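The values are calculated or read from the model by the stated rules, or taken from the named source; none is laboratory data. Only a predicted model underlies this, so the values are computations on that prediction, with no experimental measurement involved. All Cβ positions, glycine included, derive from the backbone under ideal geometry; neighbour counts span all protein chains shown. We work out accessible area using only protein heavy atoms, side chains counted, and drop any ligands, DNA or RNA first. Shrake-Rupley method; radii C 1.70, N 1.55, O 1.52, S 1.80 Å.
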Amino acid sequence: MSTVLAGHGLVKKYGSTTALAGVDVEVGERDSLAIMGPSGSGKSTLLHTLAGIVRPDGGRVLLRGERSERGGAPAEGWGRIDDLGENRLSALRRARFGFVFQFGQLLPELPAEENVALPLMLEGTPRRKAVERARRWFAPLGLDGLESRRPGQLSGGQAQRVAIARALAVEPDVVFADEPTGALDQATSEEVVRLLTSVTREQGAALVMVTHDPDVAAHCDRVLQVRDGRINGHTPYTVA
Ligand SMILES: Nc1ncnc2c1ncn2[C@@H]1O[C@H](COP(=O)(O)OP(=O)(O)OP(=O)(O)O)[C@@H](O)[C@H]1O
Ligand SMILES: [Mg+2]
């Protein structure tokens, strides 16, 4: 497996709470990783730390294809992202990562296609071109014909599929999803996770997903169990 993103020795504390107590994790190209564990065990903190949203107090996060600002990367072609400045980090998140959250967090006043186009526009793609590119994601996600609907006119499952399209629109290296099916019923959740894993893989991106649902986790190549900020065990790699 060719690694694209790695966390080494990750520690994160909030006051007297240790959310991450030294976590090592590697994410491969096209890998899909489910993070499971009890409430408060550190799953979201781990996802946010790998995604450059939360800064660790210890350890480092490494991304392939980045240059370190201050050195300290293990090899050519790798860069630390945990110590980047805020501007560079947010530019990197926009360009290389996609995000899907429990409640889609679509902008209610924008049509679905413009919600999907938004990350492209933030990257500097002109509006018309961005919307054109955004529309290409609708058919693969089973959203044909819903391009001009506003989020309030979509079902929960459709809204989550629009959120997946938005995450994939910039053709990211890694998609991060925190409880992407948490607000959906079982049948819808099954359909959404099936599309999330398959379309992400086809696009060539890796997936890091937090879920409480073992049926959802089963769609991933690997499952990581987190408990008290530590990794308890994981299923072996099933990717080549
Ligand atoms: N911003 C914060 N400030 C203070 N404490 C925090 C913060 N974020 C997380 N924590 C604490 O860190 C620990 C891990 O939280 P985290 O959100 O990572 O858990 P989780 O596994 O995602 O839980 P859940 O399944 O409920 O979403 C918890 O004890 C939580 O209260
Ligand atoms: Mg959480």
Size descriptor, Kirkwood hydrodynamic radius, that averages inverse alpha-carbon separations across segment 3-236, Å: 18.0 Å
How many Å² of accessible area per residue for the chain, probe 1.4 Å? 45 Å²
Share antiparallel - DSSP beta bridges, segment 3-236, percent rounded to 5: 55 percent
To make sure I understand the rule: partners must be aspartates and glutamates, Cα under 17 Å from the Cα of LYS12, and not fewer than 8 residues away in the same chain. Which ones qualify? ASP24, ASP57, ASP82, ASP83, ASP228
Quick one: compute the contact order of the chain, relative version, from alpha carbon pairs under 8 angstrom and 6+ residues apart, as a percent. 27 percent
Using modelled backbone amide H atoms (1.01 Å from N, in-plane), which distant-in-sequence or interchain residues come within less than 5 Å of VAL54's amide H? THR49
In debye, nearest 20, what is the charge dipole magnitude of the chain about its Cα centre with +1 on Lys and Arg Cβ and -1 on Asp and Glu Cβ, if you could check? 520 debye
Quick one: pull the percent of accessible area on the chain belonging to carbon and sulfur, 1.4 Å probe, ligands and nucleic acids left out. 47 percent
Using the basic label-point model (7 angstrom from Cα toward the beta carbon), what is the GLN105 to LYS13 distance in nanometres? 2.8 nm
Answer in debye to the nearest 20: the dipole magnitude of segment 150-240 about its Cα centre, from +1 Lys/Arg and -1 Asp/Glu charges placed on Cβ, is 120 debye
Which helices pass in the chain if a helix is a full DSSP H run, must span at least 20 angstrom along its long axis by Cα, and must have mean Kyte-Doolittle hydropathy not below -1.0? 186-203
